[in-house]
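Every number here is computed from the coordinates shown, using simple stated rules; none is lab data. Quick caveat: nothing in here was measured; it's all calculated off a predicted structure. Positions of Cβ are generated from backbone atoms using ideal geometry, with glycine treated the same way; all protein chains shown enter the neighbour counts.
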Amino acid sequence: MALPHQTSSVSDLIAQHSPTQPIYCFSPVALQRQVDRFSDLFAGTMGYAVKSNPDPRIIRALGSMGVTSFDVASLNEVKSVKRAVPNARLLYDNPVKSAEEIQIAYNDYEVQVFALDDLIELEKIHAITKGDPSVMMVVRFKIEDADAVYDLSTKFGADSDTAVALLQRANQLGYRLALTFHVGSQCTRANSYANYIDEAANIVKRANVNLAMLNVGGGIPSPYLEAQLPKLAQFFDEINTGWNQHFAGTKTELVCEPGRGLVDTCVTLLTKVKHRREEPVVYLNDGVYGGFMEQIFSPIEHPVVHYKADGSAVTSSDKSAFTVFGPTCDSIDKLYYQPELNSSIAEGDYLEWGLMGGYGSATATVFNGFESNQYITVDEAFDYPSAVNEMLGEQNEPA
Ligand SMILES: *Cc1c(COP(=O)(O)O)cnc(C)c1O
């Protein structure tokens, strides 16, 4: 089914096109709001982690909103960012790259910023960039501290002693120097950032080098309904305070590269009810092999809006807890939690799931022949429940 590039609202999309496939609805207005919030709160340069949502619409929109630093982890991400935002600065922050990947990124795509967390990778990059003083060696380090739904420190990150040695070696070879860390995705404790920035300052002092950049990574959480989170502003307060304490007055550039936290609010996923059973159970046209992959790992609860087949929103308060299955033949293909849905929900109705911008379409497969990758741009912003707006720091409309 051919969809237009753009529609005025999700309700219009249903009324005029009755989509049978899952559709990701992207709101540039909602993205602009989140970019503005982050820019107001963050004292440094705001980047974006492409892996959370590599859709070209989103990359282009971010570029037009002034986000020009992109964390990339593969050559395909390098290429797609270069196509969408030609003046982008690419931060190749995957600490493990093949020599061929480094060579192509450096020679063909002018990538100059490379992460590493061991000496093997440092020497691999050095063999290709040969002491080019515009190249930046970014040492990824870790501490045993972070409190995140997805702990990323078991795969990457040098301990502090190694980080000191790596900075000193890169300095000796004539490169620009940076430190980076990742507190883990969907970080729930704001002071994790402060702890990491403290340790970054220790490492720099011990290495006795000049740091060109401190990249505080991603991890800013999204206000899923089950989450008990500090407010968005608190995460940036911790970062800015730690920064001011240790790095104010230096020439070090402060950078962040959130993924989920930046793009989650600007995409909803519109699904269709394929089947209804009394139990109460519904079967949707998308599930964990599509946009809901994170349901396999964690009980993320998304805000949901229910529409009839004519596009009218259902607001009845007669609700029940539903088991929600996806379309594949695998029994793990169901939501981790049982959302409260209107008891009248029927085959042919639609459910629009909010906070789907990060790791939704990005991780969808075509298992069992079901695709989950179509986007449409919507003019409207989305209405989120008050708990979501509160975490973001928005005033709620008086009831
Ligand atoms: C995944 C990743 C990010 C983004 O993480 P979010 O939790 O989506 O903010 C940032 N930096 C690096 C190096 C990453 O691997």
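Below is a table of values for the structure above.
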item	result
Residue 98-residue 161 pseudo-label distance in nm [points 7 Å out on the Cα-to-Cβ vector]	3.4 nm
Candidates 359, 109, 224: whichever shows maximal mean-square fluctuation once the chain is modelled as a Gaussian network with Cα springs under 10 Å	109
Column: log10 I(q)/I(0), Debye, Cα scatterers of region 1-108, q = 0.12, 0.21 Å⁻¹	-0.53, -1.09
Spatial separation of Cα centroids for region 1-36 and region 74-129, in angstrom	34 Å
Zero-based 10 Å bins, Cα pair distances in the chain, whole percents	5, 22, 30, 23, 13, 6, 1
Set of aspartates and glutamates near residue 130 by C-alpha distance (under 14 Å), chain-local residues within fewer than 8 positions excluded	121
Directionally averaged projected area (convex hull, Cα atoms, region 252-399), nm²	11.2 nm²
The chain: relative contact order in percent, alpha carbon pairs under 8 Å with at least 6 residues between	22 percent
Region 81-134: GluC sites (Glu not before Pro) falling in loop per DSSP and having at most 13 other Cβ within 10 Å	110
Separation in nanometres of the label points that stand 7 Å from Cα toward Cβ, at residue 381 and residue 312	2.8 nm
Coil-residue trypsin sites (Lys or Arg not before Pro) of region 100-140, DSSP, other Cβ within 10 Å capped at 15	130
Point-to-point label distance, residue 323-residue 120, nm (Cα→Cβ direction, 7 Å offset)	4.6 nm
